[in-house]
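Engineer: There's a structure below that I have some questions on.
The values are calculated or read from the model by the stated rules, or taken from the named source; none is laboratory data. Note that this is a predicted model, so its numbers are computed, not measured. When we count neighbours, we look across all protein chains shown, and the Cβ atoms used for this are built from the backbone with ideal geometry, even at glycine.
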Amino acid sequence: MSQRQIIQVFEQYQKSRMQFVQTVADLAARPQNIEMLQNAGVMTLLRPLMLDSVPGIQQTAALALGRLADHSDSLSEAVVREDILPQLVLSLASQNRFYKKAAAFVLRAVAKHTPELAQAVLACGGVDALVLCLEEFDPGVKEAAAWALNYIARHDAQLSQSVVDAGAVPLLVLCLLEPEMALKRIAASTLSDISKHSPELAQTVVDNGAIAHLAQMILSPDAKLKRQVFSALSQISKHSVSLAEMVIEAEVFPAAIACLKDPDEYVRKNVTTLMREVVKHTPELSQVIVNCGGMAAVIDFLGESSGNLRLPGIMMLGYVAAHSENLAMAVILSKGVPQLALCMSEEHEHHIKAAIAWSIGQIGHHSPEHAKAVATSNLLSKLLELYMEASSSEDLQAKSKKALKSILQKCTYLPGLEPLLYDVPSNILKHVVCQFSKVLPHDSKARRLFVTSGGLKKLQEIEAEPGSPLQDHINNINSCFPEEIVRYYSPGYSEVLLERLERFQPA
Amino acid sequence: MAGLLKIKREVEEFKKEYFDRNSQAEESRQTENRAALRIQSWFRACRARAYLSHLHKKAITIQKIWRGFTARARFRQMVKAAYLIMKMNFYEEMAVRIQRRWRGFFVRKYIHNFYARKRYLEGLSRKNALVRRELGELEELQKRERDCLEMVKEQTAKVYKAHRLHHLLSTKQCPGVFNSPFRPAPHEMELLLRQVKYQTPTRLAPSGKSCLLGMPGPAAQSYPGTLGSPLNKTTGTGFSPRPVLPPIATKKQQGLFREPGEVWEQRVRCPDLTLRLQTSYTHLEEAQSQLRQHKFMTLPSGRIETGSIIRHLSHNSKSFTQPACGNSVSL
């Protein structure tokens with residue numbers, strides 16, 4: 001046996017291990033193979049290969065493991081059960097960067113599924129090791145580590161608190177300054193996921209100066225980065241007034257509005273979400289957004305998008321209008337109401353319709369002028385339709401009823417109210433008739449129109465319980481018309497006339 | 001004697017009378033005594049009554065005077081109070097009148113100012129129209145930029161293809177495939193082939209390839225947003241779009257083989273981490289300054305932001321400065 005032959009044996013063994021690991025990694029890339037691989041006991045075979053002497057094999061084994069864990073929940077649990085994590089974490093500190101990348105990938109894949117699995121990664125010291133990886137030179141390693149931290153932090157407040165406690169935030173903010181786009185994206189997304197849980201976490205992110213860096217990246221040409229940046233800003237500003245003010249003070253606004261014309265629809269959606277989160281806090285903040293023309297841009301955005309992308313825009317209109325009647329007037333002037341009516345007719349999902357109904361209610365409930373703007377867009381009958389429809393969800397019914405009621409109590413635009421006299425449940429009819437009884441005594445033209453359009457006739461046909469408020473309102477209305485007219489339109493008057501004809505004796 | 005007798009008799013008579021009288025007096029003494037008592041008591045009662053009534057009269061006089069005095073004092077107080085109340089009412093009414101006027105004036109002027117509100121809303125709709133137009137323009141610009149990039153890419157691909165197909169160029173003697181004699185004019189590919197210069201394949205530096213791939217980047221930045229430039233740019237620039245072909249036959253170094261064990265060692269050895277990075281140390285600053293410049297160019301700041309209108313519009317005080325998108329945020 002020569003030396004060469006001996007070496008050959010080893011080489012062959014290594015080659016076949018390598019081949020096995022690579023094939024498994026390739027197979028694991030496809031979700032349909034996972035079941036078979038699991039049944040074939042891939043986990044027990046991969047585990048020793050993780051401790052292989054050849055770094056290439058270790059690394060590919062980790063990659064295969066990561067892919068397996070990525071695809072299925074149970075396999076991630078198996079990874080945790082097999083105690084692979086501690087050794088991964090241990091080698092994360094010592095090995096080369098390729099291996100680090102692969103190991104971070106495994107941690108990410110494991111932590112992705114449930115909070116419990118993420119907790120398991122945390123328990124074996126994964127977070128600290130990942131934070132150490134963030135200090136690496138190689139952007140690939142940083143990216144993988146940031147990604148893994150992202151998946152850990154996104155589950156709940158406690159997990160992201162532990163990520164913050166490990167000192168990840170300053171490093172993530174530094175990652176935002178790196179030239180690599182992918183790293184920036186992941187860092188922004190991680191910051192977003194950290195700050196979404198609680199005001200304290202968002203405050204920590206802000207204290208590390210994230211807002212200024214995020215605000216600087218708004219104008220970057222990369223769409224995916226912009227998505228993450230806007231999502232992070234909105235997650236930060238959603239918690240409190242002071243945080244929202246800090247976002248505004250970072251001079252985000254006119255530039256962010258320009259991004260509403262971005263070709264990427266999720267960028268647009270996230271910009272609108274950011275505006276919604278800022279606007280919902282105080283009238284002053286809404287005023288800032290409205291003054292820099294955000295309202296028109298959002299309303300245009302509503303026209304260009306569809307489905308769930310519209311939802312933040314719709315809610316933003318509602319929030320702005322809810323603050324004060326001036327702002328609601330601004331929404332109306334920016335042609336928000338016809339746009340909402342259009343959305344209402346285009347959308348089919350109940351939660352979006354409910355949001356639209358809520359926004360309309362917020363716009364219309366301030367003054368008769370606002371209510372008139374809503375009524376002229378023919379939205380009252382649409383709201384009524386939604387309220388009456390049996391298939392509407394409970395939330396939608398409640399929202400449309402509330403909106404309808406609050407608008408009706410302000411509405412003095414009679415042509416818009418008249419259709420609501422027909423086929424309306426008595427709890428809505430009460431408000432409609434009440435509005436009529438308030439307006440008609442003071443407006444002679446409206447009285448004439450009320451008679452000629454058949455409103456009075458309809459009114460006489462309403463059967464109200466004596467003594468109820470509805471009956472009071474009807475009496476009020478009747479008292480501002482001559483008695484003959486009222487009698488003429490009362491049901492059964494023709495029989496009375498005929499009876500009189502029969503009794504009449506010509507002289 | 002007679003006188004004596006007479007006297008005797010007289011004495012007798014006297015004695016008898018004396019006795020009678022005494023007995024009579026004794027009889028009536030009790031009655032008289034009672035009568036005297038009654039008379040005395042009556043008299044004394046009269047006197048006492050007169051005294052008492054006298055005292056009463058005096059008391060009444062005192063009381064009368066005192067009561068009159070206090071009542072008059074109270075009455076004066078009441079009058080004073082009533083007068084005060086009347087005065088206060090009057091002043092309050094006047095104050096209300098003044099406050100009413102003032103408050104109405106103040107609110108109309110500063111809080112619910114109809115004209116300011118009207119102006120604000122008008123300004124807002126103007127601003128909205130402006131923003132809509134600006135955004136439309138911006139979108140147009142971005143779209144054009146993207147189209148340009150697309151065109152540049154297409155053009156580069158075409159030129160590359162022309163380089164590859166350069167051997168199909170027609171010669172004086174023999175028309176090429178693209179220059180069919182049956183066509184009225186040569187195919188556009190033929191024209192392109194004529195434009196493209198044939199270069200003998202040289203071994204290019206690795207930067208050639210990266211330059212080819214990286215071309216859209218710098219081109220996109222320096223784009224002024226107008227059409228027409230891509231053509232001359234791509235054809236006019238000096239770099240060769242030819243890809244680097246691997247050398248067909250690099251001669252293997254003949255010589256002594258290394259020991260298999262050494263080779264094995266080399267293969268097993270993991271790549272070291274070096275401190276050398278692909279990018280220079282100042283890359284970060286360069287990238288930031290480039291980004292800043294790019295920002296200035298792509299988003300003309302003064303147009304989206306019409307600060308004067310906004311400042312004019314915002315009639316309630318805000319602590320926010322109007323954001324100006326042109327300034328870069330300090331790092």
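Engineer: Here are some residues: A:264, A:193. Which one is over 18 Å from residue A:168 (Cα atoms), among the acidic types (Asp, Glu) and either surrounded by fewer than 24 Cβ atoms within 10 Å (Cβ to Cβ) or outside the structural domain of residue A:146 (by TED's automatic domain parsing) (or both)?
Structural biologist: A:264
Engineer: Right, something else. Going through A:274, A:285 one at a time, which residue ends up being more than 11 Å from every other protein chain (Cβ to nearest Cβ), farther than 24 Å from residue B:143 by Cα, in contact with a helix residue (DSSP H, G or I) (Cβ under 7 Å, 6 or more places away or on another chain) and not β-branched (Val, Ile, Thr)?
Structural biologist: After applying the criteria, what remains is A:274.
Engineer: Suppose we filter A:256, A:182, A:212 for residues that are part of a helix (DSSP H, G or I), within 30 Å of residue A:359 (Cα to Cα) and not polar (S, T, N, Q); which single one remains?
Structural biologist: A:256
Engineer: Say we look at segment A:65-106 and pick out the residues that are in contact with a Cys (Cβ under 7 Å, 6 or more places away or on another chain) and either part of a helix (DSSP H, G or I) or among the acidic types (Asp, Glu) (or both); which of these is farthest from residue A:126 (Cα to Cα)? Full working, then the answer.
Structural biologist: In the first step, residues of segment A:65-106 are kept if they are in contact with a Cys (Cβ under 7 Å, 6 or more places away or on another chain); the result is A:85-86, A:89, A:92, A:96, A:100, A:104.
This time we only want the ones that are either part of a helix (DSSP H, G or I) or among the acidic types (Asp, Glu) (or both), so: A:85-86, A:89, A:92, A:100, A:104.
Working: A:85: 8, A:86: 8, A:89: 6, A:92: 9, A:100: 12, A:104: 9 Å.
Applying the filter and picking the extreme gives A:100.
Engineer: Checking the structure you have, find out if any residue of segment A:88-97 is buried (at least 24 other Cβ atoms within 10 Å of the Cβ) and in contact (Cβ under 8 Å) with a residue 12 or more places away in the chain. Let's see the steps before the verdict.
Structural biologist: From segment A:88-97, those buried (at least 24 other Cβ atoms within 10 Å of the Cβ) are A:88, A:92; that's our starting set.
Subsequent filtering for residues that are in contact (Cβ under 8 Å) with a residue 12 or more places away in the chain retains A:88, A:92.
There is at least one residue in segment A:88-97 that is buried (at least 24 other Cβ atoms within 10 Å of the Cβ) and in contact (Cβ under 8 Å) with a residue 12 or more places away in the chain.
Engineer: Further, regarding this structure: Tell me which residues, restricted to segment A:147-179, are assigned to a loop (DSSP other than H, G, I, E, B) and over 16 Å from residue A:227 (Cα atoms).
Structural biologist: Within segment A:147-179, A:154, A:155, A:156, A:166, A:167, A:177, A:178, A:179 qualify.
Engineer: Looking only at segment A:1-60, count every residue that is among the charged types (D, E, K, R) and assigned to a loop (DSSP other than H, G, I, E, B) and tell me the total.
Structural biologist: Taking segment A:1-60 first, the residues among the charged types (D, E, K, R) are A:4, A:11, A:15, A:17, A:26, A:30, A:35, A:47, A:52.
Going one step further and asking which of them are assigned to a loop (DSSP other than H, G, I, E, B), we end up with A:30, A:52.
Going through segment A:1-60 one residue at a time, the tally reaches 2.
Engineer: One residue is enough: does segment B:166-185 have a residue meeting the conditions in a loop (DSSP other than H, G, I, E, B), in contact with a Gly (Cβ under 7 Å, 6 or more places away or on another chain) and away from chain A (no Cβ under 12 Å)?
Structural biologist: yes
Engineer: Also: Can you tell me which condition residue A:439 does not meet? The list is (1) modelled with pLDDT under 85; (2) not in a loop (DSSP other than H, G, I, E, B), and all the others hold.
Structural biologist: (1)
Engineer: Next question. Could you count how many residues in segment A:288-303 are at the interface with chain B (Cβ under 10 Å from one of its Cβ atoms) and touching a residue at least 12 places away in the same chain (Cβ under 8 Å)?
Structural biologist: 11
Engineer: Return the residues of segment A:201-230 that are out of contact with any helix residue (DSSP H, G or I) (no Cβ under 8 Å at 6 or more places or on another chain) and among the charged types (D, E, K, R); say none if nothing qualifies.
Structural biologist: Once the filter is applied, which keeps residues that are out of contact with any helix residue (DSSP H, G or I) (no Cβ under 8 Å at 6 or more places or on another chain) and among the charged types (D, E, K, R), segment A:201-230 yields only A:207.
Engineer: Another question, if that's okay. Among A:32, A:58, A:38, which is the only one that is out of contact with any Cys (no Cβ under 7 Å at 6 or more places or on another chain), at pLDDT below 90, closer than 19 Å to residue A:98 by Cα and not hydrophobic (A, V, I, L, M, F, W, C)?
Structural biologist: Sole residue among the options that is out of contact with any Cys (no Cβ under 7 Å at 6 or more places or on another chain), at pLDDT below 90, closer than 19 Å to residue A:98 by Cα and not hydrophobic (A, V, I, L, M, F, W, C): A:58.
Engineer: Working only within segment B:119-134, note down all residues that are within 20 Å of residue A:253 (Cα to Cα), facing another protein chain (nearest Cβ under 7 Å) and free of Cβ contacts under 8 Å to residues at least 24 places away in the same chain.
Structural biologist: B:125, B:128, B:132
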